[in-house]
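Visitor: This is the structure I have questions about; it appears just below.
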Amino acid sequence: PEEDASPAMRKVDHVPDLAEAAAVQRRRFRELQRQSRIFDAHTRTVGVDLQGLDAQVNDKRIQEATRRAWEESIAAEMKQNDKIMCILDQRQKKDSVNIEKALNEFRQNYQQPEARREFDLSDPQSLKKDTPARVADSDPRCTVSGLQKFMGEDLNHENRKKYQQEQTREWLMEQQKDWTNALADRKFADGLHDAHRLELDQKAMDLQRRDEETRRAICVTTKEFNRMQAIESGEKGKLEKQQELEDNVAEISNLLKGDLLSENPQQAISSFAPHRVITDRWKGMSQDQLKEIRDIQLQQVLQKLVFPLIFLLQRKIHWVASGHP
């Protein structure tokens, strides 16, 4: 039975490593994503990548679900192996019990000590079964001298010989009958054994078929899940690129329309006084302010040139008014 069960056991124990390969591929993909986030200057300088963290949490959940599914499949296979081992053990025990039972019955029915040919040599009741000292009046043992038998006398030779021949014939017929019955019993036992073995083999094949169907269903589900994940990742990548492009366009537009590049002079006016400016925002004076400064400077120059003349003129008028020639 153990040799018959070994091929089925080898088929059941064979476990493909598709789940392990999928797990390795997912770890490589997560490592590439992590490296891309680490070496991305924008993500590193701006702050924490919430989308990356959410993706890591989602990957962790997927990994836990895959691990649980793998452990459940291993547990189911172990249960199936245990069932097969129990069935094979029960069959072996049952066959051993049947063989021992048939052997004991055969010994009890056909191998009794009384049926042996040499039993008369070791029969404990041989003295009780022995011929009496006197059988009849014609017994040659009953002589005048009292001796029971003389040398050379054998009155029952013919009867004994005939009885021995009949007994030998009966023994031979009985042995032939026993041999025929033993062959029939052996053939019947072999038939039962073959029927049980075919039944157990059929059960093992059914269990293996169910296991293969379960594995195929798991593979199809995993493949569909991976395909949906790939589609979702592609869509997410497109959305991220589109969002990044929109953010870049908005940033460029804000920079072009902002006060920094447009050099809006209003941004440099201080809130304390309108004539004060903020030095880190001030881009210089405008043309109107420069013109106003130049006009004031020109006016000051003219005042410096005209003021002495006016002073002399006023002094001269005062001098004439006082009566001096």
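Visitor: Taking a threshold of 19 Å on the Cα-Cα distance, which of the pairs Lys93/Lys177; Lys79/Lys203; Lys83/Lys203; Lys83/Lys187 fall above it?
Guide: Check vs 19 Å cut-off fails for Lys93/Lys177; Lys83/Lys187.
Visitor: For the stretch 198-212, what does the Karplus curve 6.51 cos²θ - 1.76 cosθ + 1.60, with θ = phi - 60°, yield as ³J(HN,Hα) per residue in whole Hz, taken in order and with x for Gly and Pro?
Guide: 5, 5, 5, 5, 5, 5, 5, 5, 5, 4, 5, 5, 5, 5, 5
Visitor: Give me, ordered by chain and number, the residues 5 or more places off Val277 or on other chains with an amide H under 5 Å from its own placed amide H.
Guide: It is Ser270, by chain and number.
Visitor: Please list 3J(HN,Hα) in residue order for the stretch 51-65, calculated via the Karplus relation 6.51 cos²θ - 1.76 cosθ + 1.60 where θ = phi - 60°; whole Hz, with x for glycine and proline.
Guide: 5, x, 5, 4, 5, 5, 4, 5, 4, 5, 5, 4, 5, 5, 5
Visitor: Let me ask you something else. Order these peptides, 23-29, 243-249, by their mean beta-carbon neighbour count within 10 angstrom, highest first.
Guide: The packing order, highest mean first, is 23-29, 243-249.
Visitor: To the nearest 20 Debye, how big is the dipole of the stretch 22-131 about its Cα centre, given +1 on the beta carbon of each Lys and Arg and -1 on that of each Asp and Glu?
Guide: I would put it at about 620 debye.
Visitor: Ok, one more. Once amide H atoms are built 1.01 Å from N in the peptide plane, which residues 5 or more positions from Asp123, or in another chain, come under 5 Å H to H?
Guide: Under 5 Å from the amide H of Asp123 lies no amide H from a residue far enough along the sequence or on another chain.
Visitor: Can you pull the accessible area of Asp54 for me, 1.4 Å probe, Å² to the nearest 10?
Guide: Here the accessible area works out near 100 Å².
The values are calculated or read from the model by the stated rules, or taken from the named source; none is laboratory data. Bear in mind the structure is a predicted one, so any value in this text is a computation, not a measurement. All Cβ positions, even for glycine, are placed from backbone atoms using ideal geometry, and neighbour counts span all protein chains on display. In case anyone asks, the SASA skips ligands and DNA or RNA and just uses the protein heavy atoms, side chains included. Shrake-Rupley method; radii C 1.70, N 1.55, O 1.52, S 1.80 Å.
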